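> Here it is, the structure, as structure tokens.
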There are 4 protein chains.
Amino acid sequence: MNSFGRNFRITSFGESHGTGIGVVIDGCPPGLELDEQDIQPFLDRRRPGTSPLTSPRQEQDRVEILSGIFEGRTTGAPVALLVRNQDQLPKDYEELREKFRPGHADFTYLEKYGVRDHRGGGRSSGRETIGRVAAGAVAVKYLSAYGISVTGKILAVHGKTDTDQIQREILLAKGADDSVGGIVEITARGCPAGLGDPVFGKMDALIAGAMMGIGAVKGVEIGDGFAVAGMFGSDNNDQMTKDGFVSNHAGGILGGISSGQDIIVRIAVKPTPSIAKAQQTRDIYGNIVEISVKGRHDPCIVPRIVPVAEAMLALVLVDCMLEQTKYHT
Amino acid sequence: MNSFGRNFRITSFGESHGTGIGVVIDGCPPGLELDEQDIQPFLDRRRPGTSPLTSPRQEQDRVEILSGIFEGRTTGAPVALLVRNQDQLPKDYEELREKFRPGHADFTYLEKYGVRDHRGGGRSSGRETIGRVAAGAVAVKYLSAYGISVTGKILAVHGKTDTDQIQREILLAKGADDSVGGIVEITARGCPAGLGDPVFGKMDALIAGAMMGIGAVKGVEIGDGFAVAGMFGSDNNDQMTKDGFVSNHAGGILGGISSGQDIIVRIAVKPTPSIAKAQQTRDIYGNIVEISVKGRHDPCIVPRIVPVAEAMLALVLVDCMLEQTKYHT
Amino acid sequence: MNSFGRNFRITSFGESHGTGIGVVIDGCPPGLELDEQDIQPFLDRRRPGTSPLTSPRQEQDRVEILSGIFEGRTTGAPVALLVRNQDQLPKDYEELREKFRPGHADFTYLEKYGVRDHRGGGRSSGRETIGRVAAGAVAVKYLSAYGISVTGKILAVHGKTDTDQIQREILLAKGADDSVGGIVEITARGCPAGLGDPVFGKMDALIAGAMMGIGAVKGVEIGDGFAVAGMFGSDNNDQMTKDGFVSNHAGGILGGISSGQDIIVRIAVKPTPSIAKAQQTRDIYGNIVEISVKGRHDPCIVPRIVPVAEAMLALVLVDCMLEQTKYHT
Amino acid sequence: MNSFGRNFRITSFGESHGTGIGVVIDGCPPGLELDEQDIQPFLDRRRPGTSPLTSPRQEQDRVEILSGIFEGRTTGAPVALLVRNQDQLPKDYEELREKFRPGHADFTYLEKYGVRDHRGGGRSSGRETIGRVAAGAVAVKYLSAYGISVTGKILAVHGKTDTDQIQREILLAKGADDSVGGIVEITARGCPAGLGDPVFGKMDALIAGAMMGIGAVKGVEIGDGFAVAGMFGSDNNDQMTKDGFVSNHAGGILGGISSGQDIIVRIAVKPTPSIAKAQQTRDIYGNIVEISVKGRHDPCIVPRIVPVAEAMLALVLVDCMLEQTKYHT
């Protein structure tokens, strides 16, 4: 399933070492001013090779708008975006043709499809998120016209919360041919009350699905999240005043519908599974083998996941906004 | 959005104080033996009034199969299930016509729809989960033919993990007109490798959406979950042997696709928002008022959420199994 | 697939000789006044046993609203409707357990599902249309608030267009243990311009799918329909004036989007396949056998299809109206 | 709505005078051998400029596969196909910025979206069918592995059925600055029994929606189609023998499910609305104006619709085949 959303519906395609990565947005409202410069900065933020903390893979990741724009504005037709791949070193991946990388989708893709594009993870590569970020940039543009912003930040990496300590943890892991995980928090501000659909289309359900669908994410929480398990109802309930709420334990969503407060989401990001440190695994013939994953990998994917998580939250919000227009008749 | 699933697709209807609660299952494969006795025990497990720890509301919650069965087996036609409501005391709810209960969907439903069925929460009531549990029972029956089981258990309530302590915490909260939250873990055993869809249909994304869509759930994690944020890649990766994996940090899902290991999910459940303890809130006219939520409420919803969470996981698994048949051509 | 529509989404269930027939409407906007009296007249129109021209099967077909209404108005929650079956004579159908009726779905259902509810056609019975008509009545109620009407009429039966001749043709066929087909025209008036979605969601595509999905319909045309095949462009094009169009060859839809003119649809309805006249067929063991379909069947289904076709057109229109609200932001 | 299909799901994008036209296929089974040469011949068949009967617009319409192929086979990942536009003469269209062409979607698009890409019809251009034909070619390739073929042919143009007469009619219309319509028949051979879904997913309903969604199609019929309106049941029913059916009035579909016989579909195609002959219309300011549609248009679109209709039927068949695998568990 390579589509996401009901109203602002995106369809993603492309592999790490194929021609490129793209996304089609179906349902983008007409009249939105849009050009490549609205999208490129978001792709630049997720791009590797920009600091010693990330993969040295050099990709320009230039976006091309293929359709849906006329005289600088969207027309209501699908907006297709394409980023061509450039810096491919498939020889780095020849070993992976036969070995399953621990923590990766190599084994499960082969179980599912009976065939596998081993080059850089193929479709399971982190480059797949280019489509999300490009579409998310269009969503952000739409939201900004309604005064809604979405911003993510790193809360912790390997248990550390201070920026300098985080940087040290990442470099230490890199030096040890290892990797580390962390936590990202994404906040949407300015979202009106009343968005989201009861029962199976709850906004928090959509957000949870959106976030857990990002590779490497293993946990999602809204508002107080797992901390609610230790609370009294009288502490967890957000009491009300004339003007709104006195607290925001709920994280901006009640009964699956936005309350008008900030929407607060946290995600747990696992350590990059690709590490140079030797690990034991299987090959496709069933032999036990050792693997040391070469190539240019991030010792910590947390910083680069921030724009991806922002994009997914923005996509959910736009989708809910368009859904809600049905009740304005 | 009152439907869930792509292949084993359920559509839920009904309110707490209306005629009843029902669910239609579209896509149930033909030939499955099914009668009310396959479903009733699951409804009995979620039923209130069975212990001092739960709401004293007395509901028999008898399920009636309205369609889809012929000579004791499913035919491929939709299976409709109906549970009529019985024990309704709408006068308990008269105060709620004008006051927003803290921690409830009262305010947000009114913002969304401009109208609200205040009787017992209407569609946002916990009784809505009857449809999930009834449909989940059919899913469980289907899974059992493939040797797949789904079981949930309480991990903690209000920070306590021991059964006696948990019971005491709940009764203490009840005595204080308050409520407590907790954590539930659900495990699927026997699930084959290869289920789940890459990118936006990842099995963990579907599970996260399914779980977060249960009222009162504020967090979801798979496998090591939030703990991955503090781990090294070399510890988090599940290395492989000839016969499978040496550990299960991933919780049975890699790249969104099942690995054949146990699927392990944990959810955080907030304290029941309906408490008798006085709280400050707003009424629909904008006045600040005090509210003490009367009626028969659970001081802790955690035990009754267990069968609901099992149902949602079973529904996701059946849906993924039917999806996967496309690749068997 | 027992669901229809994207925004005003109905899910149908039930068999001819099961407990009953029902439908769930998901996406009905809140605030619509609705009770059983809005729906019953439509069911009465499609009900058999009302004239010598139709089946003598006696069914009251009383509709019960199971959910979604509060104080006389819709709330935005799913509206579930149920009609219980009454007049079942399953012994009439014992012969059909083993024989495939010509022109029926008996053979194809068995090929598809490997199992078949032979009693009155089970799910493939004309009684399935009760769900469509009940949901369509709610759609009609919604449309009427916007000044939109949907009306169907018989254009021809067995080649005759005059009412007396039509009646005679039907009685002649009945007397000969045979049946006849005909043509129905459905017109929507008052529909605003701009409804329908380009490419695959064209309003005429939705209408064609909706109509051809009614059992017994073998052809659908919009506006001039098949007659366009013999026309010049200069005759077929609807030229425009200041106030609109000078003709309506297009049948109210241009490029899949409504033009504001009357929407005109015609459908071809085949002769009822259930006839008492002896026919040759196969049984489930592969033997050639003779069959004379007993039971109480309509010698001409055309009159009873009129409210069904109206319902389907009304459902498409409401769905497109709700879809269009997304462009009003 | 720019997506079509549930299992073999295509998403189309692109405008007549934009960068290009493309399509993404989501759900193409893995292991299918596929390269550009499987697709190009189908695009060549729909291409203009190949005879005096069609538009002289010169487009090479070279297809590029952007994703989803690894070592010559599909992987289960989305297959994205792109055809770049070349022969654009936007000045031809400057007049259309302000005038609504009769018989076109100009007026209705503007009513829907409030904005319009007037260049060659933008998204409502016949060039949109490139996406359908390209995706259809992949569907045809898949079907051929199962011994299923889909072939279309012209039955009539402007009332003539003989090839020479048809050619003369088209050239006559062209000489008169006018255009003519016709009828196309599409037949699928080798389709197994049991495909299609009851009620709203009937195979004939899907086919009708697919065909009526092609621009210029105003009628669809299956098997005997509109002729059934004049028949007796005893003539229309297809009686059975040990080996199958003795006739095929049904057109290969009973109760919405394939019977194993040939699937026979006919469509009515309207005369090309773009004609040089002067017509009366409105401009966007409400003035009555005369229009003579310049540019390079087909005097008869019937020949070029044949491969488009084949593509749509092939897409429906593959979709139903993949749906049916769910019942093979």
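The values are calculated or read from the model by the stated rules, or taken from the named source; none is laboratory data. The shown structure was predicted, so the numbers you read here are calculated from the model rather than taken from an experiment. Virtual Cβ from ideal backbone geometry, glycine too; neighbours counted across all protein chains shown. Side chains included, ligands, DNA and RNA excluded: accessible areas come from the protein's heavy atoms. Shrake-Rupley method; radii C 1.70, N 1.55, O 1.52, S 1.80 Å.
> Which whole-number percent of Cα pairs in region D:182-282 have a distance greater than 16 Å?
I get 63 percent for the Cα pairs in region D:182-282 exceeding 16 Å.
> Please report, for D:Gly114, the nm distances (one decimal) from its label point, 7 Å out from Cα along the beta-carbon direction, to the equivalent points in the remaining copies, shortest first.
1.9, 5.1, 5.5
> For region A:107-162, what class follows from the C-alpha gyration tensor (a ≥ b ≥ c being the square roots of its eigenvalues): rounded when a/c is under 1.5, otherwise prolate if a/b is larger than b/c, else oblate?
It is oblate, given that a/c is not under 1.5 and a/b is not larger than b/c.
> Starting from the Cα gyration tensor of region C:58-190, take the square roots of the eigenvalues, sort them a ≥ b ≥ c, and report rounded, prolate or oblate (rounded when a/c is under 1.5, otherwise prolate if a/b is larger than b/c, else oblate).
Note, shape of region C:58-190 comes out oblate.
> Distance check, please: which entries in A:Lys202/B:Lys160; C:Lys160/C:Lys270; B:Lys326/D:Lys202; A:Lys99/A:Lys218 exceed 21 angstrom between their Cα atoms?
A:Lys202/B:Lys160; A:Lys99/A:Lys218
> Report, in debye and to the nearest 20, how large the dipole of region B:116-208 comes out about its Cα centre when Lys and Arg carry +1 and Asp and Glu carry -1 on their Cβ.
Here the size comes out at about 320 debye.
> Treat every Asp and Glu Cβ in chain B as -1 and every Lys and Arg Cβ as +1, leave all other atoms uncharged, and give the resulting dipole magnitude about the Cα centre to the nearest 20 debye.
Around 480 debye, computed over chain B.
> For region D:3-328, max minus min Cα coordinate along each principal axis, in Å, sorted largest first?
Ordered largest first, region D:3-328 gives principal extents of 65, 54, 38 Å.
> Tell me the angle of helix B:129-144 to the major Cα principal axis of chain B, expressed in degrees between 0 and 90 and rounded to the nearest ten.
20
> Which chain C residue sits with its beta carbon nearest the axis carrying C onto A, and how many Å away is it, rounded to a whole number?
Residue nearest the C-to-A axis, with distance in whole Å: C:Thr325, 2.
> Quick one: which of B:108-117, C:138-147, A:238-247, B:301-310 comes out on top by average Cβ neighbours within 10 Å, and what's the full order, highest first?
B:301-310, B:108-117, C:138-147, A:238-247
> Can you tell me the dipole magnitude for the protein assembly as shown around its Cα centre, using point charges on the Cβ only (Lys, Arg +1; Asp, Glu -1), in Debye to the nearest 20?
My answer is approximately 0 debye.
> With springs only between Cα atoms under 10 Å apart, run a GNM on chain B and tell me which of B:Ile291, B:Ile130, B:Ile186 wobbles the most.
So, out of B:Ile291, B:Ile130, B:Ile186, the one fluctuating most is B:Ile291.
> Another one. Taking a point 7 Å out from Cα toward Cβ as the label site, list the nm distances between A:Pro56 and the same residue in every other copy, smallest first.
So the distances to the same position in the other copies read 5.9, 7.3, 9.2 nm.
> Partner chain Cβ atoms within 10 Å, averaged over the residues of A:20-31 - can you pull that number for me?
5
> Tell me the total accessible area that D and C bury against each other, 1.4 angstrom probe, in square angstrom rounded to 100.
Protein heavy atoms only, the D-C interface buries about 7800 Å².
> What is the Cα centroid distance between region C:196-212 and region D:154-214, reported in whole angstrom?
Spelled out, the Cα-based centre of one part sits 17 Å from the other.
> Over all directions, what mean area does the Cα convex hull of the protein assembly as shown project, stated in square nanometres?
45.5
> Between B:Gln280 and D:Thr50, take the C-beta separation as r, use R0 = 56 Å, and let me know the FRET efficiency to the nearest 0.05.
0.15
> So how far, in whole Å, is the C-alpha centre of region B:29-77 from the one of region D:120-140?
So the two Cα centres are separated by 49 Å.
> Which value at 222 nm does chain B reach when only helices count, each DSSP H run of 4 or more adding -39,500 (n - 2.57), with the total divided by all residues and rounded to the nearest 500 deg cm²/dmol?
Rounded to the nearest 500, it is -8000 deg cm²/dmol.
> Mind checking which of D:Ile148, D:Ser55, D:Leu313 is farthest towards the positive end of chain D's charge dipole, using Cβ charges of +1 (Lys, Arg) and -1 (Asp, Glu) about the Cα centre?
D:Ser55
> Would you work out which of B:Val138, B:Gly251, B:Gly196 lies farthest towards the positive end of the dipole of chain B? Charges go on Cβ: Lys and Arg +1, Asp and Glu -1.
Result: B:Val138.
> Then there is this: Among C:Pro303, C:Ser179, C:Ile25, pick out the residue whose Cα is farthest towards the positive end of the charge dipole of region C:3-328, where Lys and Arg carry +1 and Asp and Glu carry -1 on C-beta, about the Cα centre.
C:Ser179
> Residues of D:248-259, mean number of Cβ from any other protein chain within 10 Å of their own Cβ, rounded to a whole number?
Average per residue, whole number: 6.
> While we're looking at this one, here's another question. Could you tell me how many degrees, from 0 to 90 and to the nearest 10, lie between the Cα long axis of helix C:163-175 and the main elongation axis, the longest principal axis, of the Cα atoms of chain C?
20
> Going 7 Å from the Cα of B:Thr161 in the Cα-to-Cβ direction, what parts of region B:249-292 have a backbone nitrogen less than 19 Å from that spot?
Answer for this model: B:249-251, B:264-269.
> Report the semi-axes of the equivalent ellipsoid for region D:1-105 in whole Å, largest first, where each axis is √(5λ) for an eigenvalue λ of the Cα gyration tensor.
In descending order the semi-axes read 31, 17, 12 Å.
> If you count only protein heavy atoms with a 1.4 Å probe, what accessible area per residue comes out for chain A, rounded to a whole Å²?
Accessible area per residue: 31 Å².
> Moving to a separate point now. Of the heavy-atom accessible surface of chain A (probe 1.4 angstrom), what whole percent is carbon and sulfur?
Accessible surface attributable to carbon and sulfur in chain A totals 50 percent.
> Now for a separate question. What average number of partner chain Cβ atoms lie no more than 10 Å from the Cβ of the residues making up C:181-188?
If you average over the peptide's residues, the count of other-chain Cβ atoms is 2.
> Label position 7 Å from Cα toward Cβ: report the copy-to-copy distances for A:Asp162 in nm, one decimal, ordered from shortest.
3.9, 9.6, 10.1
> A further question on this structure: Compute the Cα gyration tensor for region A:1-40, then decide on rounded, prolate or oblate, letting a ≥ b ≥ c be the square roots of its eigenvalues: rounded whenever a/c is under 1.5, prolate when a/b is larger than b/c in the other cases, and oblate in all that remain.
Note, shape of region A:1-40 comes out oblate.
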